Amino acid sequence: MDQLNNYLFIAAILFSLGVFGVMTRRNGIAVLMGVELILNAANINFIAFSRFGGMNLDGHIFGLIIIVLAAAEAAVALAIVINIYNNMNTINVDEASALKE
Amino acid sequence: MAESIFWFIAAFTVISAAFVVLNNQLIYSAVALLFTLFGVAGLYVFLWADFIAGVQLLVYIGGILVLIIFGIMLTNRISSVRLSQTNVQQGVGGAVAIWLFILILMVVSKTPWNQMDTIEPASTVRDIGTLLLTKYLLPFEAISLLLLGALIGAAVLSREEN
């Protein structure tokens, strides 16, 4: 728990799992969950470097801004997903590929 | 003691993250995401980031996760079997993910990281507040504007057309 490498290792696993989810999931909301995993992995890295770089709080500010960005992204993405569902009756990203009806 | 708790939280986070991307039931994925976010908040506590851990619980679990579950509920007929979904192109996706993981692992293990010894601060909240209103005032205002834009955008997008 006092080694920077451990945290970077956990973040790398979370990031890879998130990339896997974004690439293989068909459901739009499941893709969004993969994006959340990637954002969390990046956040762990920021906080870990902040902690092991002499408790410099700049990393915490970055972490806060990433969390706010994730909230904004989730709100807009879910509005888009619900719109796609209303128009095309599916949110599988491979089926809802038409840009207009 | 603290060491074993750390490894427990780490394993907990990683296993539930694997559940998020591998499970075929969307609702189960959302619940697994809850445990992942809890685990990440625990890691923040180990990194002495008390404020960020609190924000993680409030915004991610209290906000984003609820939004995601709302999305699942609104876009699926709960009583039907369409709530499940399958992954496609698992081979290619898995290969790319493992390649990325090995790449990051090599970078992490080969770099001689410079670790500084510091003492644990009593609380980070006061310093974060000071930084937000002095050095990072412009990003703070920019992120407020972005939130406002996202709010209006989401409201306009999801409104019934008249």
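The values are calculated or read from the model by the stated rules, or taken from the named source; none is laboratory data. Just so we're clear, the structure is a prediction, and the values are computed from it rather than from any experiment. Positions of Cβ are backbone-derived with ideal geometry, glycine not excepted, and every protein chain shown enters the neighbour counts. Keep in mind that these areas ignore ligands, DNA and RNA; they rest on the heavy atoms of the full protein, side chains included. Shrake-Rupley method; radii C 1.70, N 1.55, O 1.52, S 1.80 Å.
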Problem set entry | Buried on assembly, the stretch A:67-81 (at least 10 Å² less accessible surface than by itself, 1.4 Å probe) | A:Ile67, A:Val68, A:Leu69, A:Ala70, A:Ala71, A:Ala72, A:Ala74, A:Ala75, A:Val76, A:Leu78, A:Ala79, A:Ile80
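Would you please put B:106-114, B:145-153 in order of how densely packed they are, using the mean number of other Cβ atoms within 10 angstrom per residue and starting with the highest? Before the final figure, lay out each step's value.
Working: B:106-114: 10.6, B:145-153: 13.3.
Final packing ranking: B:145-153, B:106-114.
Pop out the carbon and sulfur fraction of the accessible area of the stretch A:4-92 as a percent, whole number, probe 1.4 Å. The partial results should precede the final answer.
Working: 1720 of 2480 Å².
Answer for the stretch A:4-92: carbon and sulfur cover 69 percent of the accessible area.
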Exercise. Which whole-number percent gives the relative contact order of chain A, counting Cα pairs below 8 Å spaced six or more residues apart?
Worked result: 26
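Over the protein assembly as shown, average the accessible area per residue using a 1.4 Å probe and give it in Å², no decimals. Write out the running numbers ahead of the final one.
Values: 13550 Å² over 263 residues.
Here the per-residue accessible area is 52 Å².
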Seminar exercise, completed: The simple spin-label model distance between B:Arg159 and B:Leu137, using points 7 Å out along Cα→Cβ, in nm, is 3.5
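Roughly how crowded by other chains is peptide B:88-100, in terms of the mean Cβ count from those chains within 10 Å of each of its Cβ atoms?
Working: counts 7, 4, 3, 1, 2, 7, 4, 2, 5, 11, 3, 2, 5.
Mean partner shielding for this stretch: 4.
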For this session: Could you give log10 I(q)/I(0) at q = 0.07, 0.16 Å⁻¹ for the protein assembly as shown, computed by the Debye formula over C-alpha point scatterers of equal weight, without solvent?
Result: -0.26, -1.24
Problem set entry | P(r) weight above 20 Å for the stretch A:4-92, C-alpha pairs, percent | 45
Problem set entry | Average beta-carbon neighbours from other chains, 10 Å sphere, peptide B:144-157 | 4
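Can you order the peptides B:64-76, B:116-128 by their average number of other Cβ atoms within 10 Å per residue, highest first? Write out the running numbers ahead of the final one.
Values: B:64-76: 18.8, B:116-128: 11.7.
Most protected by this proxy first, the peptides run B:64-76, B:116-128.
Ranking request for peptides A:24-36, A:79-91: highest mean number of other beta-carbon atoms within 10 Å first, then the rest in descending order.
A:24-36, A:79-91
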For this session: Can you send over the carbon and sulfur percentage of the accessible area for chain B, probe radius 1.4 Å, protein chains only?
Result: 72
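Probe radius 1.4 Å, ligands and nucleic acids left out: can you give me the accessible area buried at the B-A interface, summed over both chains, in Å² to the nearest hundred? Walk me through the numbers on the way to the answer.
Working: alone 13210 and 7120 Å², together 13550 Å².
Chains B and A together bury roughly 6800 Å² of accessible area.
Can you give the relative contact order of chain B as a percent, counting alpha carbon pairs under 8 Å and 6+ residues apart?
Details: 84 pairs, mean separation 31.1, N = 162.
In percent, rounded to a whole number, it is 19.
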For this session: Please work out the Cα convex hull volume for chain B and give it in Å³ per residue.
Result: 197
